[in-house]
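Notes to accompany the following structure.
No lab work stands behind these numbers, since they all come straight from the coordinates. Keep in mind that this is a model prediction, so the values were computed, not measured. Note: ideal-geometry Cβ built from the backbone for every residue, glycine included; neighbour counts use all protein chains shown.
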Amino acid sequence: MAKIELSAIRKSFGDTEVLKGVDLSIHDGEFVSLVGPSGCGKSTLLRVIAGLEPQSSGEVKIGGVAVDHVRPSARNLAMVFQSYALYPHLSVFDNIAVPLRMKRLSALERAPLLGRLIPNRYRVERGIRADVERVASQLEISPLLTRKPGQLSGGQRQRVAVGRALVREPVGFLFDEPLSNLDAKLRVHMRAEIAQLHRRLKATFVYVTHDQAEAMTMSGRIAVMIGGELVQVGTPSDVYDNPRDIRVAEFIGSPKINVLPGAVQTDGRLVMLDRVLAARATAGAGPCRVAIRPERLSLGGGDLSGVVVHVENMGAEAFVHLGCDGLTDPVVIRLDDPLRLPAIGSTQRFGFAPEAIRLFDAGGKRLALRTEAPIEIIREVAHV
């Protein structure tokens, strides 16, 4: 059993608090990604789980047992690093075999000369060879066993690093941005490989990344960390569609969600760009922020307008950037038909359905919203 439970984890380096009371429960066999911008504390949290970094306070449990004072090697967790951490002078076979030799052979049996005189060593080595070859076959790197790391591609080195972790048969795997050194095409390929590996092993995976595409495509749940805090945990679709904090809404999604200034009137009506929208907020009157995903905006119709300042043609889709009066940043709209793109400098109308709105208060917390279909946008200037 490899359920991992984190309770009120705090970590400080001097006067700087890096982790600010993180609570997280990762179920046995689950794939959870810790995602967030650089410096948010996700790698530090992973090292706390592994035992490589002691927490300042809080508790770590693995399989229901507290492991706060258990050394890393005794936690039975395998870690795959960003740098692969392969021994350049050893073959692929020997790199994968290292953890097994450290575990199964005594210091005397590992000695280069004296170890050969101990009969038990050969029996243990046969078992190690069988386990390494089994893992190599599983990862499709059997032809590479005699090569050195310097003779391998980035993707092949990554598989060797995973193989070295896998051969130990740990209760869980910890990945610290393992694909960041690969090119874009290979990252996509390795994302699929790691996801397939998890499905085969049914082991607990904790995966750290700043790349939201990795987190969204591989994980059963994602945990969004910002500024040392765990801001939201949920399935990729739930975090994307129902962010509870403006920071989550802006971090998850590419291109970034459109955030427009608005206000809630005393009667609950929502005002944006001098228009009263067909929606009411359940909170009190005051300034707010109206967030809408680019794919939820429609170009060519609606009550709003802007000037095309930039167009990104991505092949299968396109993104149109509109400059609007009263806004500092352009509004971005996704088009599924890149063959019919508006001209730069042209004025375009756009709109959206009320249910596309994600409303946040001035502090960035999600506000409940009640739409008033079938009215889309009420064309009148309103004042708070």
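For the peptides 78-88, 247-257, 163-173, what is the packing order when you average, over each peptide's residues, the other Cβ atoms within 10 Å and list the highest mean first?
Values: 78-88: 16.4, 247-257: 19.4, 163-173: 20.9.
Ranking the peptides 78-88, 247-257, 163-173 by packing returns 163-173, 247-257, 78-88.
Between Lys61 and His89, what is the label-to-label distance in nm when each label sits 7 Å out along the Cα-to-Cβ direction?
4.5
Pairs Lys42/Lys202; Lys3/Lys42; Lys42/Lys103; Lys20/Lys61; Lys20/Lys103: which exceed 25 Å Cα-Cα? Before the final figure, lay out each step's value.
On the way: Lys42/Lys202 23 Å; Lys3/Lys42 19 Å; Lys42/Lys103 29 Å; Lys20/Lys61 18 Å; Lys20/Lys103 36 Å.
Flagged as over cut-off: Lys42/Lys103; Lys20/Lys103.
If contacts are Cα pairs under 8 angstrom and at least 6 residues apart, what is the relative contact order of the stretch 1-60 in percent?
Values: 89 pairs, mean separation 25.9, N = 60.
In percent, rounded to a whole number, it is 43.
Just want to confirm a number: the relative contact order over the stretch 255-378, from Cα pairs under 8 angstrom separated by 6+ residues, in percent.
On the way: 295 pairs, mean separation 37.1, N = 124.
Computed value for the stretch 255-378: 30 percent relative contact order.
Compute the signed sum of charges (Lys and Arg +1, Asp and Glu -1) over the other residues within less than 11 Å, Cβ to Cβ, of Glu53. Display every interim value, and only then the final one.
On the way: positive: Lys11, Arg47; negative: none.
Here the charged neighbours net out to +2.
Full-extension gain between Leu52 and Ser7, please, as 0.36 nm times their residue separation minus the C-alpha to C-alpha distance. Walk me through the intermediate numbers first.
Working: separation 45, 0.36 × 45 = 16.20 nm, distance 1.75 nm.
The Leu52-Ser7 span can extend by a further 14.5 nm.
About the Cα centre of the chain, how large is the charge dipole given +1 on each Lys and Arg Cβ and -1 on each Asp and Glu Cβ? Please answer in debye to the nearest 20.
1900
When only C-alpha pairs under 8 Å and at least 6 residues apart count, what is the relative contact order of the chain, in percent?
Numbers: 783 pairs, mean separation 60.5, N = 384.
This gives 16 percent for the chain.
Rounded if a/c is under 1.5, else prolate if a/b beats b/c, else oblate: with a ≥ b ≥ c from the C-alpha gyration tensor eigenvalues square-rooted, which is the stretch 31-160? Can you show the working numbers first?
Values: a/c = 2.40, a/b = 1.44, b/c = 1.67.
It is oblate, given that a/c is not under 1.5 and a/b is not larger than b/c.
Report the one residue of Val309, Phe350, Ala136 whose Cα lies farthest in the direction of the positive end of the charge dipole of the chain (charges on C-beta: Lys and Arg +1, Asp and Glu -1; origin at the Cα centre).
Checking the options against the dipole of the chain, the answer is Ala136.
Could you order the peptides 136-149, 209-222 from most to least packed, using the average number of other C-beta atoms within 10 Å per residue? Show your work: numbers first, answer last.
Numbers: 136-149: 16.1, 209-222: 20.4.
Ranked from most to least packed, the peptides come out as 209-222, 136-149.
Ranked highest first by the average count of other Cβ atoms within 10 Å around their residues, in what order do 269-276, 359-366 fall?
Descending mean neighbour count gives 269-276, 359-366.
Can you give the percent of C-alpha pairs in the stretch 255-378 whose distance is more than 23 Å? Provide the component values of the computation, followed by the final result.
On the way: 2298 of 7626 pairs.
Pairs farther apart than 23 Å: 30 percent.
Among Ile357, Ile118, Ile226, which one moves the most in a GNM of the chain with springs linking Cα atoms closer than 10 Å?
Residue with maximal mean-square fluctuation among Ile357, Ile118, Ile226: Ile118.
With a point put 7 Å past each Cα toward its Cβ, work out how far Val188 is from Ser137 in nm, to one decimal.
3.2
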